[in-house]
Amino acid sequence: MNHRRLLRAAVTIAVTGALATGMTMVLTTGASAGTTLGASAAEKGRYFGAAVATGKLSTSVYTTILNREFNSVVAENEMKWDATEPQQGRFSYTGGDRLVSHAQANGMSVRGHALLWHQQEPGWAQGMSGSALRSAMINHVTQVATHFRGKIYAWDVVNEAFADGGSGGRRDSNLQRTGNDWIEAAFRAARAADPGAKLCYNDYNTDGVNAKSTGIYNMVRDFKSRGVPIDCVGFQSHLGTSLASDYQANLQRFADLGVDVQITELDVMTGGNQANIYGAVTRACMNVSRCTGITVWGVRDCDSWRGSDNALLFDCNGNKKAAYTNVLNALNAGTGTPTTPPPTSPPPTDPPPTTPPPTTGGCSASVSLNSWTGGFVATVKVTAGSAGTNGWNVSVTLPSGASVTNTWSATASGSSGTVRFANVDYNGRLTAGQVAEFGFQGTGSGTGMTPTCTAS
């Protein structure tokens, strides 16, 4: 979204559909009661994030809430094209690097937003067209994704490329006029530059089943059928005073295509229904196994691009609003860990995943590898045997010269030679046949790794 301009009229129009009010939230039996948004989401294998303006990281109330409540961040503007390549071929990563450093220091994942968007292009790109623009945009995707390689959980590779209205077609823009395959070309370039990041398409006014969301659905279905690398779809969810009755069904139909779905820019107009809508959106995500996380677009009401809509979870003094309580209750009531396979279409030079031994009483592990010159990302799948697990440990012997630099959804002991990975609190207890997944990034070559699993 364009967070430097006034709220567009399309967002102020209430999303169609009915929402039941006065709903009482009850924790399900056995659900863990997290005390912050990020902690509760993590217990369910998800993230709960916020959009951040790095200039506000020096504001104590802002950073106190951010660091306490959220386990994911996305840059409001610092990773967009005009910020990262203000002059052609001259790149600036100061704001993005600052956000990544803050996230790493506070145990947060990072969503990248956005590699290509028809708005907030630098002036030099606005005046380009045809093959020159196509070459410049692919170079931009390649350079930015390479700079942040291994540091970004998911990229919004392309943002808002579909038109509003009833056509379900593409938006006219200088990017679209370079050829209808421009989105596909961008995704392929992003995969080559950062094989370990999930690659998302992101858009607004797609909250229910409508012409626009169906146009995007058809594109994703086509991409999946042809092996174009797309891993996730982002639903911005800038909402008014109601929620589409088929919101969850819309998320589910995309998930059924084999992609993750994410709520990427959630904010809701203030009023009597705000808390209920926030709760309903969160429940919808928790009810879709491939909904991997939610991001609200800002921290406090006075930080929001929507001004007097007071559309966020905290007031300007940092107090929790009723919407916060509904979201936390919905997160705590949720169950299950989302299914998040590794990114699609790994480089053709990568070996196939190792075949785990037959799973009986303990557990087994297999690894998928995305490699580039000098580094790799490994995704390890742990499968419980017939007795299930209360916890698990996976040992991996790295090739000579390789070392682990980053680990997620597990804790690592050691960084070279034989490295042992243990479950974290939310993914150790598995029933028979249930799967958990963790990953790690390394330098050197990861070829030939064969993980072994021990259950407890």
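The values are calculated or read from the model by the stated rules, or taken from the named source; none is laboratory data. This structure is a prediction, so every number in the text was calculated from the model and none was measured. Note that each Cβ is placed from the backbone with ideal geometry, even for glycine, and that neighbours are counted across all protein chains shown. Ligands, DNA and RNA are excluded from the accessible area calculation, which covers all protein heavy atoms including side chains. Shrake-Rupley method; radii C 1.70, N 1.55, O 1.52, S 1.80 Å.
On full extension of the chain, what length is gained from Arg177 through Ser131, given 0.36 nm per residue of separation minus the C-alpha to C-alpha distance? Could the numbers behind the result be given before it?
Numbers: separation 46, 0.36 × 46 = 16.56 nm, distance 0.98 nm.
Length gained, Arg177 through Ser131: 15.6 nm.
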Worksheet item: Using θ = phi - 60° and the Karplus form 6.51 cos²θ - 1.76 cosθ + 1.60, what ³J(HN,Hα) does each residue of the range 101-114 get, whole Hz, x for Gly and Pro?
Response: 4, 5, 4, 4, 5, 10, x, 9, 8, 10, 8, x, 9, 9
Worksheet item: Expressed in nm to one decimal, what extension gain is obtained for the pair Ala105 and Ser416 from 0.36 nm per residue of sequence separation less their Cα-Cα distance?
Response: 109.7 nm
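Assuming R0 = 35 Å, what is the FRET efficiency of Ala322 and Phe91, from their Cβ-Cβ distance, to the nearest 0.05? Before the final figure, lay out the partial values.
On the way: r = 43 Å, r/R0 = 1.24.
Efficiency at R0 = 35 Å is approximately 0.20.
Work out, step by step, the length gained on full extension between Ser400 and Arg221: first 0.36 nm times the residue separation, then minus their alpha carbon distance; give nm to one decimal.
Result for the pair: 60.3 nm of gain on full extension.
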Discussion item. Net charge around Pro86, counting only other residues with Cβ within less than 14 Å of its Cβ (Lys, Arg = +1; Asp, Glu = -1)?
Written reply: -2
Worksheet item: Cα centroids of the range 275-300 and the range 306-325: how far apart, whole angstrom?
Response: 15 Å
Fill in: Cβ-defined net charge surrounding Tyr217, 12 Å radius [Lys, Arg +1; Asp, Glu -1]
+1
Fill in: Where labels lie 7 Å past Cα in the beta-carbon direction, separation of Asp256 and Ala211 in nm
2.3 nm
Fill in: the range 176-241 - accessible surface per residue (Å², probe 1.4 Å)
27 Å²
Response to the item:
Taking protein heavy atoms only, a 1.4 Å probe, and rounding to whole percent, the accessible area of the range 363-455 owed to carbon and sulfur comes out at 45 percent
Worksheet item: How much accessible surface does Leu251 have with a 1.4 Å probe, in Å² rounded to 10?
Response: 0 Å²
Worksheet item: For labels at Thr59 and Ala387 in the simple 7 Å Cα→Cβ model, what's the distance in nm?
Response: 5.5 nm
Response to the item:
Judged on accessible area alone, 1.4 Å probe, highest first, Thr452, Thr443 line up as Thr452, Thr443
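How would Glu265, Glu437 rank on accessible area, largest to smallest, probe 1.4 Å? Could you put the intermediate results ahead of the total?
Numbers: Glu265 0, Glu437 50 Å².
From most exposed to least exposed: Glu437, Glu265.
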Discussion item. Could you tell me the extents of the range 71-223's C-alpha atoms along the three principal axes, largest first, rounded to whole Å?
Written reply: 45, 35, 24
